[in-house]
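**Q** Take this structure first; my questions come after.
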Amino acid sequence: MKLYEKWIAKLKAGTSAQVDALLADYYAKETEVYKQILAEKAETFTGTAAEFGAKYGISDYEIGAFMEGINTSLAEPQDVKEIDLDTPLNFTIVWRELYKNMLKAKADWLYNLPEWDNFYNEDERREITREFRQSQQVHHVKVGRNDPCPCGSGKKYKNCCGME
């Protein structure tokens, strides 16, 4: 069974209280992993998934969860569903994306780590936060009656979604 599958199986197998405890334990370990990575400025990792787990003190299924979480912050995303203990990992973290993804996940216990001071001062973090918030805002575009319909049908708006 692949590592991410083990993580999902653990989540599905437990009661609500067990899942809450599992997640609380995982978040504590995840925080420690990020503290180490940020303190070391460990931008790249090369080795097997088992070596990654041993280095940062996390179990096999926690490796799957961690890789799934960090995947969108990597220069080249990994196929997390195919990772097992012997899978060679070779990834580079994009720090700015990692910070933004922590904001997106509303993981204040991660984006407020003091280890981020190694990368960004308070003003730079405020700027990244502003960029992130702007990227999440919805912009409404006014469609005229004779404009192409935004649904992609190829018809005019008045003859498609704008019909009354």
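**Q** Compute a Gaussian network model of the chain, connecting alpha carbons closer than 10 Å, and tell me which residue from Glu32, Glu115, Glu124 fluctuates the most.
**A** Highest fluctuation of the listed residues: Glu124.
**Q** Still on this structure, I have one more. Take every Cα pair under 8 Å in the chain that's 6+ residues apart, average their separations, divide by the length, and report that relative contact order as a whole percent.
**A** On the way: 168 pairs, mean separation 35.9, N = 164.
Worked out over the chain, it gives 22 percent.
**Q** Nearest 500 deg cm²/dmol is fine: what mean residue ellipticity at 222 nm does the chain get from its DSSP H runs of n ≥ 4 alone, each adding -39,500 (n - 2.57), divided by its residue count?
**A** Details: 7 runs with 84 residues, N = 164.
Result for the chain, helices only: -16000 deg cm²/dmol.
**Q** I'd like to know how the stretch 104-156 sits against the 2.2 N^0.38 Å rule of thumb: what's its Cα Rg over that expected value?
**A** Details: Rg = 19.4 Å, N = 53, 2.2 N^0.38 = 9.9 Å.
Expressed relative to 2.2 N^0.38 Å, the Cα Rg reads 1.95.
**Q** Across the stretch 1-116, how many lysine pairs, 8 or more apart or on two chains, come within less than 19 Å at their alpha-carbon atoms?
**A** For the stretch 1-116, the number of qualifying lysine pairs is 17.
**Q** Could you pull the Cα extents of the stretch 73-114 along its three principal axes, largest to smallest, in whole Å?
**A** Extents along the principal axes: 33, 18, 17 Å.
**Q** What is the list of residues in the stretch 1-25 whose amide nitrogen lies under 17 Å from a point 7 angstrom out from the Cα of Asp86, following Cα to Cβ?
**A** Counting backbone N atoms under 17 Å from the label point, the list is 1-4.
**Q** By how many nm would the segment from Val141 to Ala21 lengthen if fully extended, with 0.36 nm per residue of separation less the alpha-carbon distance? Display every interim value, and only then the final one.
**A** Details: separation 120, 0.36 × 120 = 43.20 nm, distance 4.47 nm.
That pair, Val141 and Ala21, stretches by 38.7 nm at full extension.
**Q** Within a Cβ distance under 14 Å of Lys81, other residues only, what is the Lys/Arg minus Asp/Glu net charge?
**A** Working: positive: Lys2, Lys6; negative: Glu5, Glu68, Asp79, Glu82, Asp84.
Value of the local net charge: -3.
**Q** Can you give the net charge of the other residues whose Cβ lies under 9 Å from the Cβ of Ala49, counting K and R as +1 and D and E as -1?
**A** Details: positive: none; negative: Glu51, Asp60, Asp84, Asp86.
The answer is -4.
**Q** Would you mind computing Rg(Cα) / (2.2 N^0.38 Å) for the stretch 10-101, counting N as its residues? Don't skip to the end; give the middle numbers.
**A** Details: Rg = 13.3 Å, N = 92, 2.2 N^0.38 = 12.3 Å.
Working it through for the stretch 10-101, the quotient is 1.08.
**Q** Now for a different question. If the elastic network links every pair of Cα atoms under 10 Å, which of Lys35, Lys81, Lys12 fluctuates the most in the Gaussian network model of the chain?
**A** Lys12
**Q** Taking H placed 1.01 Å from N in the peptide plane, check which residues at least 5 places from Leu89 or on another chain put their amide H under 5 Å from its amide H.
**A** Result for Leu89 returns Gly47, Thr48, Ala49.
**Q** Find how much the distance from Ser59 to Glu32 grows on full extension, using 0.36 nm per residue of separation minus their present alpha carbon separation; answer in nm with one decimal. Each step should come with its number before you reach the end.
**A** Numbers: separation 27, 0.36 × 27 = 9.72 nm, distance 1.34 nm.
The Ser59-Glu32 span can extend by a further 8.4 nm.
**Q** If I stretch the segment between Lys155 and Lys104 completely, what's the gain in nm (0.36 nm per residue apart, minus their alpha carbon distance), one decimal? Walk me through the numbers before you get to the answer.
**A** Working: separation 51, 0.36 × 51 = 18.36 nm, distance 3.63 nm.
Result for the pair: 14.7 nm of gain on full extension.
**Q** Provide the three semi-axes, in whole Å and in decreasing order, of the ellipsoid equivalent to the chain as defined by the square roots of 5 times the Cα gyration tensor eigenvalues.
**A** Numbers: eigenvalues 283, 101, 54 Å².
Semi-axes, largest first: 38, 22, 16 Å.
**Q** Checking the a/c ratio against 1.5 first, then a/b against b/c, what shape does the Cα gyration tensor give for the stretch 75-164? Intermediate values should be presented prior to the final figure.
**A** Numbers: a/c = 4.02, a/b = 1.79, b/c = 2.24.
Note, shape of the stretch 75-164 comes out oblate.
**Q** Could you work out the local net charge near Glu127, counting Lys and Arg as +1, Asp and Glu as -1, over the other residues with Cβ closer than 12 Å to its Cβ?
**A** Values: positive: Arg96, Lys100, Arg125, Arg126, Arg130, Arg133; negative: Glu122, Asp123, Glu124, Glu131.
Local charge sum for Glu127: +2.
**Q** Could you do me a favour and compute the accessible area per residue for the stretch 33-164, 1.4 Å probe, result in Å²? All intermediate terms of the calculation are to be shown ahead of the outcome.
**A** Details: 8150 Å² over 132 residues.
With all protein chains present, the stretch 33-164 gives 62 Å² per residue.
**Q** Would you pull out the residues with amide H under 5 Å of Val94's amide H, same chain only if 5 or more places away, H placed 1.01 Å from N?
**A** HN-HN under 5 Å from Val94: Leu74, Ala75.
**Q** Please give the peptides 88-95, 145-152 ranked by average Cβ packing (other Cβ atoms within 10 Å per residue), highest first, as a rough proxy for protection.
**A** Working: 88-95: 15.0, 145-152: 11.5.
My ranking of the peptides, most packed first, is 88-95, 145-152.
The values are calculated or read from the model by the stated rules, or taken from the named source; none is laboratory data. Since the structure is predicted, the reported quantities are computational estimates derived from the model, not experimental observations. Every residue, glycine as well, gets a Cβ built from its backbone with ideal geometry; the counts of neighbours run over all protein chains shown. These accessible areas exclude ligands, DNA and RNA; they are computed on the full protein's heavy atoms, side chains included. Shrake-Rupley method; radii C 1.70, N 1.55, O 1.52, S 1.80 Å.
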